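The structure follows.
The values are calculated or read from the model by the stated rules, or taken from the named source; none is laboratory data. What you are looking at is a predicted structure, and each value in this text was computed from that prediction instead of being measured. Virtual Cβ from ideal backbone geometry, glycine too; neighbours counted across all protein chains shown. SASA here: full protein model, heavy atoms, side chains in, ligands and nucleic acids out. Shrake-Rupley method; radii C 1.70, N 1.55, O 1.52, S 1.80 Å.
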Amino acid sequence: MIGQRLVEDMTSAERERAERVESVLPALRAAAEEADRTATFPAGHVGLLREAGLLGLVVPEKFGGLGGTLRDLAAATYAMGTACPSTALAYFFHNTSASRGLLPLEAIDAGLFDDTEVPVVRAFAEKVLIRMGAGVWLANFASESVKTAGANITIATTARKVDGGWMLKGEKSFGCATGIADYYLTSAKLEGYDTAEGLATFFVPRDAAGVSIRAPWDGLGMRATANNGIRLDDVFVPDDEALGVPGAFTRMLTMSRGSFVGNQLAIAAVYTGCAQRAYDEILTATTTKTFADTGDPIASSPVHQVLFGEMTRSLQTAYLWLRYQLAIETAEPPFKAKSEVFTQWRLGKGAVTEACFQVALGALKAGGTSAASMNGFAGRALRDLAMGLVMTFPAERGMLEVARIVTEARANDLFATAPEAAR
């Protein structure tokens, strides 16, 4: 199975879950070129993934899911990345929603909430997992265009308490499955708070009053992700669809094993799958096509030999970083402290994505003029993998943060709230 090219030591249960992923790949692959051309997420993929049970891949079985872990998710997004990177990316963001259920429950078990908070936190966390286990698609909306120097993600969207619920106002600039997902799992800042302690999470139905879609996204990246973002203009969210307990968000983050909220590695797996497909395609093309004068394969030329040497090195670099990060985030018992896992990821994300981009660049060069087309695998891969260079943070920011950790024992926060003047 394709997922085993990344997760080589799958258990029998992991192989069974990977077979579900394998079953949807032909449909994803068949729709990929047209989806990219029209910059449209194939709506049929939602039902396809739901029927395969994959929308609950990382949800515990007691909540209706398949009981998979980060290993399953990485294998799944990698495999989907070889077929349709856009679908793989959107699917990744759906699965990040599970952290909003799993981490709060772990924080409850760790005694981080008092007796009055536990029922509210537990109800919301279980609702996230039950909905995912039942096949509900959740789009995880956190990122915004507002930036601050001290954090990777800054939240300016506000949540104002009203009778029976909350009123949300703001704009989310990044979030796959806009107009596709059943709910937008939306982060916002509670009124009256100026730190990350005031961050809260809300279920926003796709068709709720006051929700609108931002202008179509025509970015240098994966085009068929429905990545337009949303505007929230006084959107009402009932109390039972919100996790508005102050400090709940930051307390749950302490339970992750390392990278971000514990699943960011799987986004790098998308890029690695895409790079592997580009490598395989150009290898096939240049070993089957021959020179007219000698009859030797195109791949035998000195230039192509150098290009394949570099591409192979880059691809193996991505695998080495990714597999090691997967090992230190999933090993039981853990053998590295969370701070070390976090530091490793700050370097690893940039190393993987830049290595993958170099594979696509090599494929473009090896394919020559005939491959330099946006409807060909090399051109699409080059653009798709360019997104990895900037998403969340570029490699340079990761290296800077690691340098600060090593020399000054400090790093940027994951989340922050925006100053009033920025809204």
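Can you tell me which residues in the stretch 10-50 are within 17 Å of Asn227 (Cα to Cα) and among the polar types (S, T, N, Q)?
Once the filter is applied, which keeps residues that are within 17 Å of Asn227 (Cα to Cα) and among the polar types (S, T, N, Q), the stretch 10-50 yields Thr38, Thr40.
Would the stretch 349-364 turn up any residue that is at pLDDT below 90 and either open to solvent by less than 20 Å² (accessible area, probe 1.4 Å) or farther than 11 Å from Ala278 by Cβ (or both)?
no
Check Gly309, Gly295 and return the single one that is part of a loop (DSSP other than H, G, I, E, B), open to solvent by 20 Å² or more (accessible area, probe 1.4 Å), out of contact with any Lys or Arg (no Cβ under 8 Å at 6 or more places or on another chain) and without any contact (Cβ under 8 Å) to a residue 40 or more places away in the chain.
Just a single option satisfies the conditions, and that option is Gly295.
Which residues, taken from the stretch 182-199, are over 20 Å from the mean Cα position of the chain (by Cα) and either assigned to a strand (DSSP E or B) or under 19 Å from Gly133 (Cα atoms) (or both)?
Within the stretch 182-199, Lys189, Leu190, Leu199 meet the criteria.
Which ones in the stretch 211-241 are farther than 30 Å from Ala123 by Cα and open to solvent by less than 10 Å² (accessible area, probe 1.4 Å)?
Across the stretch 211-241, the qualifying residues are Gly221, Met222, Ala224, Thr225.
Only residues in the stretch 28-44 that are farther than 13 Å from Ala90 by Cβ count as the first member; pair them with residues that are among the β-branched types (Val, Ile, Thr) and surrounded by fewer than 20 Cβ atoms within 10 Å (Cβ to Cβ), Cβ under 9 angstrom, at least 6 apart or cross-chain, and list the lot.
Glu34/Thr40
Looking only at the stretch 56-110, which residues are among the hydroxyl-bearing types (Ser, Thr, Tyr), open to solvent by 10 Å² or more (accessible area, probe 1.4 Å) and not in a helix (DSSP H, G or I)?
Within the stretch 56-110, just Thr69 meets the criteria.
Now a separate question. Report, by residue number, each residue of the stretch 185-206 that is open to solvent by less than 10 Å² (accessible area, probe 1.4 Å) and under 18 Å from His45 (Cβ atoms).
none
Looking at Ala337, Ala327, Ala266, which one is closer than 30 Å to Arg122 by Cα, surrounded by fewer than 18 Cβ atoms within 10 Å (Cβ to Cβ) and within 21 Å of the chain's Cα centre (by Cα)?
Answer to the selection: Ala327.
Against the condition among the small types (Gly, Ala, Ser) and assigned to a helix (DSSP H, G or I), how does Ala226 come out, does it pass?
Here the answer is no, as Ala226 does not meet what is asked.
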